[in-house]
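Q: Got a structure for you, questions after.
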Amino acid sequence: MNEKIKMPLVGALAAIISVTLVYWGNPANMGFCIACFLRDIAGALGLHSAAPVRYVRPEVIGVVFGALITSVLTKEFAPKGGSAPATRFVLGMCVMIGALIFLGCPLRVALRIAGGDLNAIVGLFGFAAGIFLGIFFLNRGFSLKRTYDVSNTDGLVFPLVNLLLLAALFFAPALLIFSEQGPGAAHAPMFMALAAGLIMGVVGYISRLCFVAGIRDPFLFKDFSMFSVFVTIVVVGAIANIFLGNFNLGFENQPVAHTDSLWNFLGLLLVGFGSVLLGGCPFKQLVLAGSGNSDSTITILGMIVGAAIVHNFGLASSAAGVTENGKTGFAIAAVIMLCIAVYNTYFGKKTAGGA
């Protein structure tokens with residue numbers, strides 16, 4: 001199918017799925033958010049103590065298996081890994097810090113705008129700024145080095161972990177911790193959420209959907225196909241939200257959001273910068289992890305641990321705004337990411353050559 005037709009259809013489907021999930025119980029303007037959902041899973045596993053955000057989101061499990069099944073059926077399942085795993089783990093943590101300062105991943109940026117949240121537009125500019133900062137280093141040689149073929153067993157570890165999570169959710173929920181109120185207590189029916197995730201995993205794998213590419217490609221390659229996904233999510237999502245009475249244009253009184261423009265900008269700047277260094281946005285990382293990429297698996301695990309750190313140490317934002325600990329956490333994460341970028345641009349090759 002022609003990319004000019006296929007990618008807008010991907011965006012329309014993502015918007016319809018997300019708005020439907022909200023209609024059936026997911027938090028408002030959070031039909032699909034990888035950062036928020038990984039945070040909820042971290043809470044359900046007891047990794048953080050924030051009672052309002054604990055739930056095993058079937059959408060995440062669905063994305064993993066949608067990507068896995070598609071890669072197997074297309075005979076493209078070829079597990080790879082070994083590209084700076086420890087660095088990717090740390091970058092995943094830093095990306096999660098930025099996402100939870102803003103309160104959402106790049107996919108949720110589009111969904112928040114589609115719900116009328118103008119704070120997300122400020123965040124979008126921060127995301128773009130972070131991407132351009134990352135491109136600055138890419139153009140000067142930044143690299144986390146090559147990946148290698150790994151065993152099928154290694155590529156299947158993450159899907160198997162998700163299968164165990166799904167089994168616990170359906171058959172042994174007492175092993176997990178669930179929110180009784182707050183965003184974690186708001187969720188669509190489990191089978192519906194799982195089906196939505198499966199569809200998103202299949203579509204994400206086939207389309208190679210990445211929100212970093214949506215901002216990067218128009219400027220570097222004059223290619224607007226990925227950007228059209230973002231636009232379509234906003235347009236179709238806005239129409240659906242207006243129809244359902246869930247559209248609220250403005251900065252104030254937006255669900256699971258704050259109005260501090262500076263930190264909305266800076267939070268997503270961190271996400272954009274880290275996503276470029278990692279080679280893809282959180283959604284793409286999840287799809288790659290499902291299809292056997294152990295480097296992306298390490299990144300997702302880093303994001304889960306990052307979510308635990310954010311909530312255990314009071315870094316997460318809320319409707320009241322950004323915390324002082326959150327500002328400190330941002331500064332630490334930003335310095336770490338800059339050090340990784342500088343080292344792997346200007347010094348990493350020398351070290352590798354002398355080994």
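Q: Among LEU68, GLY82, MET30, pick out the residue whose Cα is farthest towards the positive end of the charge dipole of region 3-354, where Lys and Arg carry +1 and Asp and Glu carry -1 on C-beta, about the Cα centre.
A: GLY82
Q: May I ask you to evaluate 6.51 cos²θ - 1.76 cosθ + 1.60, the Karplus curve with θ = phi - 60°, for each residue of region 280-292 and list the ³J(HN,Hα) values in order in whole Hz, giving x for glycine and proline?
A: x, 6, x, 5, 4, 4, 5, 4, 5, 4, x, 9, x
Q: Also: Limiting things to C-alpha atoms, what are the Rg and the maximum Cα-Cα separation (Dmax) for region 1-109, in angstroms?
A: That works out to 16.1, 47 Å for Rg and Dmax.
Q: I'd like to know which of ILE336, VAL235, GLY141 lies farthest towards the positive end of the charge dipole of the chain, counting +1 on Cβ of Lys and Arg and -1 on Cβ of Asp and Glu.
A: Checked the options; the winner is GLY141.
Q: Turning to a different aspect of this structure: Using the Cβ atoms and a cut-off under 15 Å, what net charge is assigned to the surroundings of GLY104, where Lys and Arg are +1 and Asp and Glu are -1?
A: With Lys, Arg at +1 and Asp, Glu at -1, the neighbours total 0.
Q: Lys pairs in the chain, Cα-Cα under 26 Å, at least 8 apart or on separate chains: how many?
A: 16
Q: Could you list the chymotrypsin sites (Phe, Trp or Tyr not before Pro) in region 204-287 that lie in coil according to DSSP, counting only those with at most 13 other Cβ atoms within 10 Å of their Cβ?
A: Within region 204-287, the qualifying chymotrypsin sites (Phe, Trp or Tyr not before Pro) (loop, at most 13 other Cβ atoms within 10 Å) are PHE221.
Q: How charged is the neighbourhood of LEU169? Take every other residue with its Cβ under 15 Å from the Cβ of LEU169, and add Lys/Arg as +1 and Asp/Glu as -1.
A: 0
Q: Taking the chain as a Gaussian network, Cα atoms linked when under 10 Å apart, which of ALA238, ALA320, ALA15 shows the biggest mean-square fluctuation?
A: Comparing ALA238, ALA320, ALA15 in a Gaussian network model of the chain, the most mobile one is ALA320.
Q: How big is D for the chain, in µm² s⁻¹ as a whole number, if Stokes-Einstein is applied with the Kirkwood radius of its Cα pairs at 4 °C and 1.567 mPa s?
A: Answer from the Stokes-Einstein relation: 65 µm²/s.
Q: Unpartnered cysteines of the chain (Cβ-Cβ under 4.7 Å counts as a partner)?
A: Result for the chain is CYS94, CYS105, CYS210, CYS281, CYS339, no neighbouring Cys Cβ within the cutoff.
Q: Using 7 Å Cα-to-Cβ label points, what is the LYS6/LEU249 separation (nm, one decimal)?
A: 3.5 nm
Q: Let me ask something else. Amide H of ASN293 versus every other amide H placed in the peptide plane: which residues, excluding those fewer than 5 positions away on the same chain, fall under 5 Å?
A: Counting only residues 5 or more places away or on other chains, the set is LYS80.
Q: Sticking with this structure for a sec: For the chain, which longest stretch is free of loop sites, where a loop site is one of the trypsin sites (Lys or Arg not before Pro) that DSSP puts outside H, G, I, E and B and that has at most 16 other Cβ atoms within 10 Å?
A: Value returned for the longest uninterrupted segment is 223-355.
Q: First measure r as the distance between the Cβ atoms of ALA86 and PHE125, then evaluate 1/(1 + (r/R0)^6) with R0 = 51 Å and state the FRET efficiency to the nearest 0.05.
A: 0.95
Q: Next question. Calculate for the chain the 222 nm mean residue ellipticity that helices alone would give, adding -39,500 (n - 2.57) per DSSP H run of length 4 or more and normalising by residue count, nearest 500 deg cm²/dmol.
A: So the helix-based figure for the chain works out to -22000 deg cm²/dmol.
Q: If you don't mind, there's one more thing I want to ask. Could you pull out every residue, at least 5 positions away or on a different chain, whose amide H is within less than 5 Å of the one on ARG57? Hs are placed 1.01 Å off N in the peptide plane, and Pro or chain starts have none.
A: Here the answer is ILE41, since their amide H atoms fall under 5 Å of that of ARG57.
Q: I would also like to ask the following. Determine ³J(HN,Hα), in whole Hz, for all residues of region 99-112 in sequence, where each value follows from phi through the Karplus function 6.51 cos²θ - 1.76 cosθ + 1.60 and θ = phi - 60°; x replaces Gly and Pro.
A: 5, 8, 6, 6, 6, x, 9, x, 5, 5, 4, 4, 5, 5
Quick note: the coordinates plus some simple rules give every number you see, no bench work behind them. What you see is a predicted model, and the numbers here were worked out from it, not measured in a lab. Every residue, glycine as well, gets a Cβ built from its backbone with ideal geometry; the counts of neighbours run over all protein chains shown.
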